[in-house]
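**Q** Quick one: this structure, given as structure tokens, is what I'll be asking you about.
Bear in mind that the values in this text are calculations on the coordinates, not laboratory data. All values derive from a computational prediction rather than experimental measurement. FYI the Cβ positions are ideal-geometry reconstructions off the backbone, even for glycines, and counts take in every protein chain you see.
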Amino acid sequence: MAQLSKDKDRGKIIIKTSIIGIVANVFLAAFKAVIGLMSNSIAIVLDAVNNLSDAISSVITIIGTKLARKQPDKKHPLGHGRVEYLTATIIAVIVFYAGVTSFVESVKKIIDPEKPDYSIVTLVIIAVGVVVKILLGRYVKGVGEKVNSDSLIASGSDATFDAVISASTLVAAVIFIYSGISLEAWLGAIISVIIMKAGFGMLQDTVSQILGERVDSSLSKAIKMTIASFPEVRGAYDLVLHSYGPDTYMGSAHIEVLDTMSARELDRLMRDITYKVYDEHKVIMEGISIYAINTSDDKIQDMLIRCREIVMSNDHVLQMHGFYVDDVRKVINFDVIIEFAADDRRKIFEEIVKRIQTEFPEYKIELTMDADISD
């Protein structure tokens with residue numbers, strides 16, 4: 001219930017912030033459109049269009065937030081939180097498209113220029129627009145970072161770029177008034193390129209999140225520390241977290257425990273770990289797997305030391321864990337993590353298997369090549 005209440009509060013904050021953005025941008029767009037048409041300024045008209053696109057972005061953010069807050073159903077049992085990633089993608093496309101259309105219009109004015117007609121009122125309105133957009137951009141982006149909303153962060157960044165556009169328009173107007181040189185079309189083209197670059201960067205970020213990014217190091221390390229805080233746990237490994245929207249994770253992990261633990265003790269331990277991880281990190285552990293540690297034979301410790309020497313002698317190996325020897329079946333098991341920077345991870349792994357097999361010819365070697373999924 002606490003998590004549900006937190007989600008509702010987060011949604012309300014995002015919607016409230018988006019509504020503020022809509023109201024501010026609609027007023028700015030209306031004023032700038034009138035001034036731009038009266039002064040025959042393509043830069044101011046394009047600035048008005050940018051404000052209107054910001055308002056549309058805020059509407060999309062509200063729609064996306066409401067959809068993301070829908071309760072889980074049979075078709076989407078883990079909720080609809082990932083809709084927010086799609087919302088951020090749409091906003092990024094809008095920003096990029098605004099840059100493209102601005103660039104086209106600016107080039108047209110470079111080819112067929114028209115002299116603008118600025119007034120003091122025009123300059124004052126542009127200056128006020130700059131201040132409003134700076135404040136609005138900082139506010140929206142700050143709230144977005146606070147509630148972890150990519151859509152708000154994208155909208156806030158877009159508002160900041162709009163402030164740069166308005167400021168540049170103001171500079172061009174002052175230059176024209178005092179020198180008679182009209183630079184706004186050229187300035188519009190340069191700014192349009194900057195907007196397109198920003199939109200493309202936002203799109204890259206959101207697509208990367210949709211594909212699935214590495215979990216933040218501080219979160220993964222904190223969860224592993226929580227798991228390892230239980231005295232029965234000798235090590236926590238292979239933590240995998242699946243994101244189903246901002247701040248919504250389901251995960252799995254391996255733990256090392258002594259091979260003398262009973263099924264009842266293991267069941268109690270795994271339940272306790274699941275409760276504690278959710279209580280401290282709001283992450284649902286959907287699966288906890290076991291690595292048993294040999295306790296019956298001291299010679300196995302010597303085997304572990306030798307295997308670790310062989311494995312860790314390779315510069316690209318980050319870790320080995322889950323070491324277990326079945327002396328009845330004559331099998332050696334453990335996992336090896338090889339960094340992604342290695343040119344040929346499979347070749348390194350095969351060489352390790354070969355060296356271990358040479359060292360212990362009487363055993364069957366069953367190694368697993370793990371990926372460097374989390375810190």
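**Q** In the neighborhood of residue 335, defined by Cβ-to-Cβ distances under 9 Å, what is the net charge if each Lys or Arg adds +1 and each Asp or Glu adds -1?
**A** Here the charged neighbours net out to -2.
**Q** Another question, if that's okay. Helix-only estimate, please: 222 nm mean residue ellipticity of the chain, summing -39500 (n - 2.57) across DSSP H runs of length 4 or more and dividing by its residues, to the nearest 500.
**A** -22500 deg cm²/dmol
**Q** Peptides 257-270, 131-144: what's the order by average Cβ count within 10 Å, highest mean first?
**A** 131-144, 257-270
**Q** Using a Gaussian network for the chain with springs between C-alpha atoms less than 10 Å apart, which of these wobbles most: 242, 316, 76?
**A** Of the options given, 76 has the highest mean-square fluctuation.
**Q** Report, for the range 214-293, the % of DSSP beta bridges that are antiparallel, rounded to 5.
**A** Looking only at bridges with both residues in the range 214-293, the antiparallel portion is about 40 percent.
**Q** Pop the C-beta distance of residue 124 and residue 73 into the FRET formula with R0 = 41 Å and round what comes out to the nearest 0.05.
**A** 0.20
**Q** May I pose another question? Rounded, prolate or oblate: which one fits the range 135-182, using the alpha carbon gyration tensor with axes a ≥ b ≥ c (rounded when a/c is under 1.5, else prolate when a/b beats b/c, else oblate)?
**A** It comes out prolate by the Cα gyration axes.
**Q** Calculate the spin-label point distance for residue 200 paired with residue 263, positioning each point 7 Å from the Cα along the beta-carbon direction, and give it in nanometres.
**A** Placing both labels 7 Å along Cα→Cβ, they lie 5.9 nm apart.
**Q** Something else now. Can you give the relative contact order of the chain as a percent, counting alpha carbon pairs under 8 Å and 6+ residues apart?
**A** 13 percent
**Q** Give me the compactness ratio for the chain, meaning the Cα radius of gyration over 2.2 N^0.38 Å.
**A** This ratio for the chain stands at 1.39.
**Q** OK, next. With both partners inside the chain, how many of the DSSP beta bridges are antiparallel, as a percent to the nearest 5?
**A** The antiparallel proportion sits near 45 percent.
**Q** The range 238-261 to the range 270-331: how many Å between their Cα centroids?
**A** Result: 14 Å between the Cα centres.
**Q** Under the Kirkwood approximation applied to all pairs of distinct alpha-carbon atoms, what is the hydrodynamic radius of the range 96-197 in Å?
**A** After inverting the mean inverse Cα-Cα distance, the result is 14.5 Å.
**Q** Another question about this same structure. Just to confirm the number: angle between the C-alpha axis of helix 2-39 and the first principal axis of the chain, 0 to 90 degrees, nearest 10?
**A** The two axes meet at around 30 degrees.
**Q** Anyone know which of 179, 106, 252 comes out most mobile in the 10 Å Cα GNM of the chain?
**A** Highest fluctuation of the listed residues: 179.
**Q** How charged is the neighbourhood of residue 363? Take every other residue with its Cβ under 10 Å from the Cβ of residue 363, and add Lys/Arg as +1 and Asp/Glu as -1.
**A** My count for the surroundings of residue 363 gives -2.
**Q** OK, next. Hey, in the GNM for the chain with a 10 angstrom Cα cutoff, which one of 318, 78, 187 fluctuates hardest?
**A** 318
**Q** Across bins of 5 angstrom width beginning at 0, how are the C-alpha pair distances of the range 47-154 distributed, in whole percent?
**A** Calculated P(r), rounded to whole percents: 2, 10, 14, 17, 17, 13, 9, 7, 5, 3, 2, 1, 0.
**Q** Which order do the peptides 344-352, 146-154 come out in when sorted by mean C-beta neighbours inside 10 angstrom, highest first?
**A** Order by mean packing, descending: 146-154, 344-352.
**Q** When you count, for each residue, the other Cβ atoms within 10 Å and take the mean per peptide, how do 122-128, 298-304, 235-241 rank with the highest first?
**A** 235-241, 122-128, 298-304
**Q** Moving on. Which value, in Å to one decimal place, does the Kirkwood hydrodynamic radius take for the range 2-211 when every pair of different Cα atoms is included?
**A** Taking the inverse mean of 1/r over all distinct Cα pairs, the range 2-211 comes out at 17.7 Å.
**Q** Pairing the Cα long axis of helix 120-147 with the longest principal axis of the chain, what angle in degrees results, from 0 to 90 and rounded to the nearest 10?
**A** Compared with the principal axis, the helix lies near 10 degrees.
**Q** Determine the relative contact order of the range 267-347: mean sequence separation of Cα pairs under 8 Å and six or more apart, normalised by residue count, in whole percent.
**A** Here the relative contact order equals 20 percent.
**Q** OK, next. Count the DSSP beta bridges whose two residues both fall in the range 295-375, then state the antiparallel fraction as a percent rounded to the nearest 5.
**A** Just about 50 percent of them are antiparallel.
**Q** Inverting the mean 1/r over all pairs of different Cα atoms, compute the Kirkwood radius of the range 214-293 and quote it in Å.
**A** Over the range 214-293, the inverse of the mean reciprocal pair distance is 12.7 Å.
**Q** Specify, per residue and in Å³, the volume enclosed by the convex hull of the alpha carbon atoms belonging to the range 295-375.
**A** Residue-normalised Cα hull volume stands at 91 Å³.
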